[in-house]
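Just below is one structure, and these are the notes that go with it.
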């Protein structure tokens, strides 16, 4: 992500469509009984997540653009009973206020190269929120794809994403 050139803000193009056919695809979705814009606002304001979600250790906006996107560093716990496994990643975040949608491209951490999309579909009872994580796995010879599809995706990604979605959904429903 580049900074301003000659005093002009960087031009942010919309991200390309989510990749198809990648080795790992994890989908988490939840019907939230709240207005779509309420849920979208909570999801977009990632810096506030640790205040709502006890499994998030921190979220830091390292660079910010004018549409609430930018470069974001996140850290969370993946609970395993009484124990937690620390996770960390850095993403480029793009916000489409019109759609509404949020995209993340992991640029650092073990999940580098992962594409994530949050979508918000109006529903008669509120909003259907879907998080899709797509990835070809870490660049580890022979085992990278297997580790992504058997362990990282279903255990870590799903374990954190479903808690994030449930927690933000509960906040939206209370507001």
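The values are calculated or read from the model by the stated rules, or taken from the named source; none is laboratory data. Worth saying up front: this structure is predicted, and the values here are computed from it rather than measured. Neighbour counts are summed over all protein chains in view; Cβ atoms, including those assigned to glycine, are modelled from backbone coordinates with ideal geometry.
Looking only at the range 16-42, which residues are in contact with a helix residue (DSSP H, G or I) (Cβ under 6 Å, 6 or more places away or on another chain) and within 14 Å of residue 101 (Cβ to Cβ)?
Let us first name the residues in the range 16-42 that are in contact with a helix residue (DSSP H, G or I) (Cβ under 6 Å, 6 or more places away or on another chain), namely 23-24, 26, 28, 30, 32-34, 38-39, 42.
Correct list: 39 only.
Being closer than 20 Å to residue 31 by Cβ and modelled with pLDDT under 95 narrows it down to one of 170, 148, 161, 99, so name that one.
Details: 170 fails: modelled with pLDDT under 95; 148 fails: closer than 20 Å to residue 31 by Cβ; 161 fails: modelled with pLDDT under 95.
Just one listed residue meets the conditions, 99.
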